[in-house]
Structure formats: structure tokens, C-alpha cells
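*Asks:* This is the structure I want to talk about, given as C-alpha cells.
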Amino acid sequence: MPARSRTRAAPATTVLLVRHGRTSTTGSVLPGRARGLHLSDDGRAQADHAAARIAALSVDAVYASPLERTRETAAPIARATGRRVRNAAGLLECDFGDWTGAKLSKLRSLDAWRDVQSTPSTFRFPGGESFAEMQLRMWNELTRLVAVHQGTTIVAVSHADPIKAAVAMATGVHLDLFQRIVVSPCSITALSFTGTGPIVLAVNSTGDDLTGLAPS
């Protein structure tokens, strides 16, 4: 009987998920997909720091959501790695619908805010997207990018909620628990996509050295 042939597993692909840097409304307003919001001076400094950290790695591509704040965060990363910023619509912020541009202090007083925090898997933003739709969209985009860049390291600049939802998906954590994950401005979250499934290498990293990120 002939020996069974072994299928070689696809090489692991590392995705560095970077939240955009701070803006003038970070922590006070739910900007969503509103256009015209740019990085603050602090946010630009954060983006430069993230770029310096990532520069130590060999990066095959840099992607960003179409919004200004993500593309401005991606720009110094692209320069530091010798790449250009590519558009990836699937990395977009959640569509907050009628809540877009609302002050967080006002939203926190709504009964619906408790659902956003405790049972997000059941919640749809009025006139907008559900968290479940956002998570699936984000994961499908990452899966697509990994297929294009197998065996390499890529950067994907996105937003807090999509990154948190991706971490929840990678770890098999229910979406209702994803609000327990913290993703700070310009933090780096690293996922390794392997032939046997995703591995979370780091979440909300804001330190310096990224060269040691690898499965143990």
C-alpha cells in the first residue's frame, strides 16, 4: 500500500492590529465613520512611536481602514517599513448609525447602553450595524489579507471595537465578553494565523520591543 502523502501546512502569518492614534474627541465622543476627524498632536506622536516599534520587523504590507485617523496612523508605519498604505474597507469602524457623533456622557445615560456593555451580541445600533455583523466583517477581512500574505507579517490599522471583536474571535470568547478587552490608542495587538487556527501573541501592547512575538 502506498504511503500517505502529507499536506504541508501553510506557513503562519502574523497580523499586527494597530488602533489609530488619539484624536481631539477620543474618550468623549463616538465618532464612528464620520469623516474629517484627524489625529491630534498626541495621536501623531503615538503613531510615530508605533512606527518605530514596527520598523524592527520585516513587514510585507500595511493596510488601513479608509478613515483619515487610521490612514494618518498608518502613514509613518508605511514609511518606516518601506511600504505604502493600502485601503481595506473591512477594517472600518462599526457603523454606529444614529449614535454617530454623540457624546459618550449622554449615551451612558441610555438604557440601551447597558445592552452595549453586557449583551453586545444582541445589539444593533439604531440605523447602523450590529456588533455581530462588525465582528464577521472584520474577521473576513483579516482572513482575506492573511490568504494574500501567507507566511509574512502585515499591519492592519483599525479601530478599538473591530480589534477587540477580532481578539474575541481568535480566542473563541463569546462576543458578549468582548467589552472586557482593552485596546488603547496606537496599541498593537498581534495575531498569528496558523494552519491549526489563530494564536493571540499580544493584546494592547504599548511597550517597545516586538521582535520576541512568537508562539512558545
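The values are calculated or read from the model by the stated rules, or taken from the named source; none is laboratory data. Since the model is a prediction, treat every value here as computed from it, not as a measurement. Here Cβ is always computed from backbone atoms with ideal geometry, including for glycine, and neighbour counts include all displayed protein chains.
*Asks:* Out of region 180-216, which residues are in contact with a helix residue (DSSP H, G or I) (Cβ under 7 Å, 6 or more places away or on another chain) and touching a residue at least 40 places away in the same chain (Cβ under 8 Å)?
*Replies:* Matches in region 180-216: Val183, Pro185, Cys186, Ile188, Thr189, Leu191, Phe193, Asp208, Leu210.
*Asks:* Out of the residues in region 151-186 that are in contact with a Leu (Cβ under 9 Å, 6 or more places away or on another chain) and hydroxyl-bearing (Ser, Thr, Tyr), state the one that is nearest to Val15 (Cα to Cα).
*Replies:* Thr153
*Asks:* If you don't mind, there's one more thing I want to ask. Where the second residue is of a type outside the set (Phe, Trp, Tyr) and at pLDDT below 95 and the first is under 24 Å from Gly195 (Cα atoms) and in a loop (DSSP other than H, G, I, E, B) and lies in region 149-162, which pairs have Cβ atoms under 8 Å and are six or more apart or on separate chains?
*Replies:* Short answer, once both residue conditions are applied: Gln150/Ala10; Gln150/Pro11; Gly151/Ala10; Gly151/Pro11.
Condition check ((1) farther than 29 Å from Asp41 by Cβ; (2) modelled with pLDDT under 95; (3) more than 17 Å from the chain's Cα centre (by Cα)) across all residues:
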position	(1), (2), (3)
Trp113	yes, no, yes
Glu133	yes, no, no
Leu145	yes, no, no
Ala165	yes, no, no
Ile181	no, no, no
Ser184	no, no, no
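*Asks:* Which ranges mark the helices (runs of 4 or more DSSP H) fully within region 1-107 that have 2 or more residues being of a type outside the set (Asp, Glu) and buried (at least 18 other Cβ atoms within 10 Å of the Cβ)?
*Replies:* 41-54, 68-81
*Asks:* Also: Looking at region 192-212, which of its residues are touching a strand residue (DSSP E or B) at 6+ places or on another chain (Cβ under 8 Å) and acidic (Asp, Glu)?
*Replies:* Matches in region 192-212: none.
*Asks:* Where the second residue is acidic (Asp, Glu) and surrounded by fewer than 22 Cβ atoms within 10 Å (Cβ to Cβ) and the first is within 28 Å of Gln150 (Cα to Cα) and in contact (Cβ under 8 Å) with a residue 12 or more places away in the chain and lies in region 10-39, which pairs have Cβ atoms under 6 Å and are six or more apart or on separate chains?
*Replies:* none
Yes/no matrix, rows are residues, columns are (1) over 24 Å from Glu72 (Cβ atoms); (2) charged (D, E, K, R); (3) in contact with a Phe, Trp or Tyr (Cβ under 8 Å, 6 or more places away or on another chain):
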position: Leu107; (1), (2), (3): yes, no, yes
position: Val116; (1), (2), (3): yes, no, yes
position: Gly127; (1), (2), (3): yes, no, no
position: Gln150; (1), (2), (3): yes, no, no
position: Ala170; (1), (2), (3): yes, no, no
position: Val173; (1), (2), (3): yes, no, no
position: Leu177; (1), (2), (3): yes, no, no
position: Gly207; (1), (2), (3): no, no, no
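*Asks:* Restricting attention to region 179-216, and to residues there that are polar (S, T, N, Q) and within 25 Å of Gln117 (Cβ to Cβ), which single residue is surrounded by the most Cβ atoms within 10 Å (Cβ to Cβ)?
*Replies:* So, considering only residues that are polar (S, T, N, Q) and within 25 Å of Gln117 (Cβ to Cβ), the one surrounded by the most Cβ atoms within 10 Å (Cβ to Cβ) is Thr189.
*Asks:* Among (1) among the hydrophobic types (A, V, I, L, M, F, W, C); (2) within 22 Å of His49 (Cβ to Cβ); (3) touching a residue at least 24 places away in the same chain (Cβ under 8 Å); (4) part of a strand (DSSP E or B), there is one condition Val167 misses while meeting the rest; what is its number?
*Replies:* Here Val167 meets the rest and fails (4).
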